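A short worksheet on the structure shown next.
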Amino acid sequence: LIVSGAALLGIFGRVRVGDMRRCAVEPQADLDEDRSFGYAETRFLEHKTARPGTSRALPIAAPAFGLCGTSSWAVRWLEARAAQGLDADRQRTLIPALADHGWHDASWTTPEFAAALRTTLLQLGFTSEDLKGIGSHSLKATCLSWAAKAGVSREHRRILGYHVELGDKSSE
């Protein structure tokens, strides 16, 4: 559940494994009153496009519910993280490496996380053939690819992927 939840945050939040490695803010679930809609939210200070010494965080929001079903993957993931003693605020990462008897404070590398995800999917019944072409880059690219196929403009996909055009700056 720990690995698959992180993968879902990567997919639905459209973020890189490298960003999750450096995320030092434990995500929270922000759900509506009847717990049928909401988001998993966190923020990254150290991200690919961050300038050295910046104090401005990149907010990340991912739908807390998947494509089908009525239970929240995010709530289950956050409860599992808490039960395992995981806390990005303390460990300085969302994806700590698995140890013999628990979790390291050091994070998985991108290839290690990709291998852990593949192992998880194989244990769930997927075949190696099913997983051809699936890697850690697939996490960020999945929803952005769906958006492109649905006709979402390049400009909106760029924003959803946390990219800015060269020369663009946020207003102060």
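The values are calculated or read from the model by the stated rules, or taken from the named source; none is laboratory data. Because the structure is predicted, anything quoted here is derived from the model rather than measured. In this analysis, Cβ positions are derived from the backbone assuming ideal geometry, glycine residues included, and neighbour counts consider all displayed protein chains. SASA here: full protein model, heavy atoms, side chains in, ligands and nucleic acids out. Shrake-Rupley method; radii C 1.70, N 1.55, O 1.52, S 1.80 Å.
Approximating the spin labels as points 7 Å out from Cα along Cα→Cβ, the Val152-to-Asp130 distance works out to 2.5 nm. At 7 Å along the Cα-to-beta-carbon direction for both Ala115 and Ala83, put a label point, then send me their distance in nm to one decimal. Calculated label separation equals 2.7 nm. Tally Lys and Arg at +1 and Asp and Glu at -1 over the other residues with C-beta under 14 Å from the C-beta of Arg35: what net charge comes out? Result for the neighbourhood of Arg35: -4.
Share of carbon and sulfur in the accessible area of the range 56-129 stands at 56%, probe radius 1.4 Å.
About its Cα centre, the chain has a charge dipole of approximately 620 debye under the convention of +1 per Lys or Arg Cβ and -1 per Asp or Glu Cβ, with nothing else charged. When the Cα positions of Leu78, Ser36, Leu58 are compared along the charge dipole of the chain, Leu58 comes out farthest toward the positive end, with charges on each C-beta of Lys, Arg, Asp and Glu. Rolling a 1.4 angstrom probe over the protein heavy atoms with all chains in place gives the range 1-125 an accessible area of 55 Å² per residue.
Which FRET efficiency value, to the nearest 0.05, do you get for Asp34 and Ala99 by plugging their Cβ-Cβ distance into 1/(1 + (r/R0)^6) with R0 = 45 Å? Once the sixth-power term is evaluated, E becomes 0.70.
Across the alpha-carbon atoms of the chain, the computed radius of gyration and Dmax are 16.3, 50 angstrom. Among the DSSP helices (H) of the chain, none spans at least 27 angstrom by Cα along its long axis with an average Kyte-Doolittle hydropathy of 0.5 or more; this is a geometric and hydropathy rule only.
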